[in-house]
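Let me begin by presenting the structure, written as structure tokens, before commenting on it.
The values are calculated or read from the model by the stated rules, or taken from the named source; none is laboratory data. What you are looking at is a predicted structure, and each value in this text was computed from that prediction instead of being measured. In this analysis, Cβ positions are derived from the backbone assuming ideal geometry, glycine residues included, and neighbour counts consider all displayed protein chains.
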Amino acid sequence: MSSANTLASQFGSAIIEQIDFRDETTLIVDQESAKEILRFCRDELKFDYLVDISSLDNLGTEPRWEMVYELCQLGNGTNEHLRIKYALGENEKADSVCDLWATANWHEREVYDMMGIEFTGHPDLRRILMWEGFPFFPLRKDFPLAGRESEMPDVAFTDRAPLEGGPFVTSPTSASTVHREPRSRDMK
């Protein structure tokens, strides 16, 4: 029996949908049961490796956020992958899974830092990429590409932080990827 079938028989209606695409299985689960399902994946199904935690911003819809957990079985030699997703409302907090996988610590900090999603039970929820005191969450869809006003002299831009032409921004052109790649501008 596949892991997805085992979870469906164990958790019934808490498994909202199963999506199989290109040999990858994604389970959309109920938010209230997500932590219990993830614990079952670790303890009973032996998903011993949390590959990543990410989030999606569905700005303009409710629930706004979607949490995504990429799991893998390494210890038993099967290398089976499983993706668990659940929806999270705008002002809701996700349950931390740091108690299940130690690697969740930095993954959850990154989601918090870039999207502003907080995790209940996280042992040290603070920024990991941006500096403490940075007032924005740069991967949210409502973060403007032109930058935002900042009054943090000595730490950040005092005017709008320009992104156009920056080191991580591709140039709009019909040229090949090699010419759009930001680092190629420095190689001339």
Do we find a residue being within 22 Å of GLY133 (Cβ to Cβ) and in contact with a His (Cβ under 7 Å, 6 or more places away or on another chain) anywhere in the stretch 97-116?
yes
Taking only the stretch 11-35 into account, find how many residues are not in a helix (DSSP H, G or I) and not aromatic (Phe, Trp, Tyr).
15
Taking the stretch 1-34 as the search range and keeping residues that are touching a Ser or Thr at 6+ places or on another chain (Cβ under 8 Å) and touching a residue at least 40 places away in the same chain (Cβ under 8 Å), which one is surrounded by the most Cβ atoms within 10 Å (Cβ to Cβ)?
SER3
When you look at ALA175, is it over 30 Å from GLU32 (Cβ atoms), part of a loop (DSSP other than H, G, I, E, B), modelled with pLDDT under 70 and among the hydrophobic types (A, V, I, L, M, F, W, C), yes or no?
no
Quick check on TRP106: is it without any contact (Cβ under 8 Å) to a residue 60 or more places away in the chain, in contact with a Leu (Cβ under 7 Å, 6 or more places away or on another chain) and of a type in the set (A, V, I, L, M, F, W, C)?
no
Counting only residues in the stretch 1-52 that are out of contact with any strand residue (DSSP E or B) (no Cβ under 6 Å at 6 or more places or on another chain) and basic (Lys, Arg), the one farthest from ARG109 (Cα to Cα) is identified as ARG22
Single residue of LEU38, LEU50, LEU71, LEU45 found to be part of a helix (DSSP H, G or I) and surrounded by 16 or more Cβ atoms within 10 Å (Cβ to Cβ):
LEU38
